[in-house]
1. If the elastic network links every pair of Cα atoms under 10 Å, which of 47, 20, 58 fluctuates the most in the Gaussian network model of the chain?
2. Could you compute the FRET efficiency for residue 80 and residue 18, with r as their C-beta to C-beta distance and R0 at 22 Å, rounded to 0.05?
3. Given the options 41, 25, 66, state which has the largest fluctuation in a GNM of the chain using a 10 Å cut-off (strictly under) for Cα springs.
4. What are the lysines whose alpha-carbon lies under 19 Å from the alpha-carbon of residue 23, with same-chain residues fewer than 8 places away excluded?
5. Could you give me D for region 1-75, from Stokes-Einstein at 20 °C and 1.002 mPa s, where the hydrodynamic radius is the Kirkwood radius over C-alpha pairs? Units µm² s⁻¹, please.
Amino acid sequence: MTIIGEKNIKELIGEVVSDKMQKTRVVMVKSVKVHPLYNKRFVVRKKYYAHDASDSAKLGEKVKIRAIPPLSKLIRREIVK
């Protein structure tokens, strides 16, 4: 999470896993968590629908996404690059 100016805007880095929709990409973000009891590390994966106004992000690219006000039912992020 990064802080931009005085606002606390959440930015994540992930990989584009689907580019089949128009101006929308599915981005998978991976993070490492630690189990509270067993102290084992494990990878948590989460998919986000992100708006891509320029239609430039391609499958397999690393992108940065930022939280925005909702554009639709599922789209609450935009691709920053």
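Just so it is clear, none of the values below were taken in a lab; they were calculated from the coordinates. This is a predicted model, so every value here is computed, not measured. Ideal geometry is used to build each Cβ from the backbone, glycine not excepted, and the neighbour counts take in all protein chains shown.
1. In this elastic network of the chain, the residue with the biggest mean-square fluctuation among 47, 20, 58 is 20.
2. Efficiency, rounded to the nearest 0.05: 0.75.
3. Maximum fluctuation in the GNM of the chain, among the listed residues, is at 41.
4. 47, 58, 62, 64, 73, 81
5. D = 155 µm²/s.
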